[in-house]
Structures are given as C-alpha cells and as structure tokens.
Amino acid sequence: MRRYREAEYENRGTRTRKRKRKQAMQRKILGFCMFTFLLGVLCGRIVFAKNPEERPAQAEAEDIGQTEYGRNNQEPSEAEETAGDYASAGEEAGDEEAWKLVLVNKWNPMENGYKPAVAEIENNYYFDARAVGYLQEMLAAGRREGLDFWVCSAYRTIEKQTDLFEDKVRRVTAETGLTGEAAREKAGTEVALPGTSEHNLGLAVDIVARDYQILDEKQARTEEARWLEENCWKYGFILRYPTDKTEETGIIFEPWHYRYVGEKAAKEIMERGICLEEYLGVTGSSL
C-alpha cells in the first residue's frame, strides 16, 4: 500500500509538471502572437506615413445637407490638387492677394479647366484650401454663442453645377410654362450657369439655420443669418447677394450665400452696403 501511494504521488507530480510546462508553452505562443500582431501594426503605420500618396482616395460625399437644390456637396477626388497647380482664374502674376477678389458672375465666367485646391470644412463639404480656416473660425465663433449653423453647399464641380442648373430649368418650365431661352434666363437668376457660379470657384458657401433649411427670404430672419450678416466681415466674408443688388450681380437676394474676399475688402463692402461688383467697379451694365 505504501509503495502504491508513493507511485501515485509520483505520477501526480509528473502530471503537474507536464501541465505547468504546457501552460508555459501556451503563454509563450500567445506572447509571440501578440508581439507579431503589434509589430505588423507598427510597420503598417510606418509604411503609410512614408507613402501618403498610397492612401485610399477620400470617399464620395454622402447624402447630407439637403436643400431645394438637392445634394450640393461635391466629390473631392475631382478637386484635390496641390497648391502649385492653381489655375490663374484672374490672378495677376506676383499678386498673392488677387485670388480673393476674382469676380465670377453671369457676365464674367471662370477660366476653362479651373479647379481649386480644396480642404474639408465639415461633413464632406469642401472649400478653397487657402480660406477654409477662416470659414471654420467663423462657424466656431457663432456656435460658441449658441447658434446652430448648417452648411448646405460649398465647392461644386462644373458637372454638379450643370445638373443643378438643368434641373432648375425643368422646374421653371413646369411651374411657369416658360420654355427655351426664357426658361434658362429665369433659372439663371436662382441657379448660376455652370462656370459662372462662385461655388465652382471654391470661395462660396451656403449656410443656413439647422432648424430652418429652406432657401428663401425667410432665412434672413433666423438668428444664424442675422449673426452672419453682422459678423462675417471679421473673418473675410461678405453676404454676396444682398437685397436690391440683382441688377449688379445677376442673382436674386440670397441670405444664405457667403463669399470669401479677405478681411480688408469684406469690411468695406459690408460697411458701405455694396456688392462685390460695385467694390471692383465692374457691374453688369459696364461689361
């Protein structure tokens, strides 16, 4: 009996040692797997950091910011260019400030092929990369005062502008019975022809109150619109299409449409109650 117990104790000790060795081996395997995984993650980050051009292109803009014009955001892959690839779009050689005051309207279209370098404002809406920071500062300042801004349109490609304009022509025809050139002329007072919209230029943004997203004159009564009109110049923006300026701009009153022109020009334009055409001394009748 004594020998039996001693043998049993010995077997039990052997099993215990085998179990401990097995557990130790499992811990080593688990540790090796963890180390391999972390090493792979680290190597991946290093590769992407050294090769940013190999990162996936940004996804197409999502269906957000619905307005009477439909989805106004654009696909950034069409617009992303390096800063050195800016087209002149009216800039004078050596004048680094001229781009802020480029005039685009129904009488003065953009140069063919112009595509601005853009950066995201928020929610897949994009703006000229040189001015997007000022726009973000303006939105942040208003939001700190409790205002609830909603960006519903910003940079648009020519293709997007074409779709919007043709859709507006169809609706004008259905609503008024106008056809042909008359329908296009009427549509052009509300939706600019492709190549004549500041949205194609990348320096215009439509901002509304989140709780009132209809693009009509009532937008001007919202707290958000009133704040913007009073404070926009501090960030280099102007209310681009004021009341009683349709003859000069070719566009009806749009209390949601803001244009970046730089603080100096914005201050004078807003103080004097004029439009960009008048500031530049170039109106529709003089072209």
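Tell me, what does the Kirkwood hydrodynamic radius of the range 176-231 come to in angstroms if you use every pair of distinct C-alpha atoms?
Evaluated on the range 176-231, it is 13.5 Å.
Between beta-carbons, use under 13 Å as the cut-off and find the net charge around residue 165, counting Lys and Arg +1, Asp and Glu -1.
Once all neighbours under 13 Å are counted, the net charge is +2.
Over the range 167-271, what lengths in whole Å, largest first, do the semi-axes of the equivalent ellipsoid take, defined as the square roots of 5 times the eigenvalues of the alpha-carbon gyration tensor?
Values for the range 167-271, descending: 27, 16, 11 Å.
Below 14 angstrom from the Cβ of residue 178, what's the summed charge of the other residues (Lys, Arg +1; Asp, Glu -1)?
Once positives and negatives cancel, what remains is +1.
Hey, what did the range 76-286 get for relative contact order, percent, Cα under 8 Å, at least 6 apart?
20
Would you mind ranking 29, 251 so that the residue whose beta carbon has the fewest other beta carbons within 10 Å leads the list?
Fewest-to-most Cβ neighbours within 10 Å comes out as 29, 251.
Specify whether the C-alpha gyration tensor of the range 76-286 places it in the rounded, prolate or oblate class, a ≥ b ≥ c being the square roots of the eigenvalues: rounded for a/c under 1.5, otherwise prolate if a/b is larger than b/c and oblate if not.
Rounded, because the longest to shortest axis ratio a/c is under 1.5.
Near the amide H of residue 121, under 5 Å away, which other amide H atoms are found, from residues 5 or more places off or on another chain, if H is placed in the peptide plane?
Those lying under 5 Å, H to H, from residue 121 are 126, 127.
Show me, for the range 232-248, the HN-Hα J-couplings you get by feeding each phi into the Karplus relation (A = 6.51, B = -1.76, C = 1.60, θ = phi - 60°), rounded to Hz, glycine and proline as x.
Karplus-based 3J(HN,Hα) across the range 232-248 equals 4, 4, 4, 10, x, 10, 10, 6, 6, 10, x, 5, 6, 10, 4, 5, 7 Hz.
Given a cut-off of 22 Å, name the pairs among 218/245; 106/234; 245/267; 106/218 whose C-alpha atoms lie farther apart than that in the structure shown.
106/234; 106/218
Check residue 202: other-chain or 5+ apart residues with amide H under 5 Å from its amide H, H built from backbone geometry?
156
Can you put 148, 206 in order, fewest other beta carbons within 10 Å first?
148, 206
How much length, in nm to one decimal, is gained on full extension between residue 144 and residue 185, taken as 0.36 nm per residue of separation minus their Cα-Cα distance?
Working it through step by step, the gained length comes to 10.6 nm.
When the Karplus curve 6.51 cos²θ - 1.76 cosθ + 1.60 is applied with θ = phi - 60°, which whole-Hz ³J(HN,Hα) does each residue of the range 180-187 get, with x for Gly and Pro?
x, 5, 5, 5, 5, 5, 5, 4
Mind checking the full-extension length gain between residue 216 and residue 247? Use 0.36 nm per residue of separation minus the Cα-Cα distance, one decimal, nm.
9.3 nm
Among 234, 245, 28, which comes first, then next, by fewest other beta-carbon atoms within 10 Å?
With the fewest neighbours first, 234, 245, 28 line up as 28, 234, 245.
Every number here is computed from the coordinates shown, using simple stated rules; none is lab data. Since this is a predicted model, take the numbers as computed values, not measurements. Please note: Cβ atoms are built from the backbone with ideal geometry, for glycine as well, and neighbour counts cover all protein chains shown.
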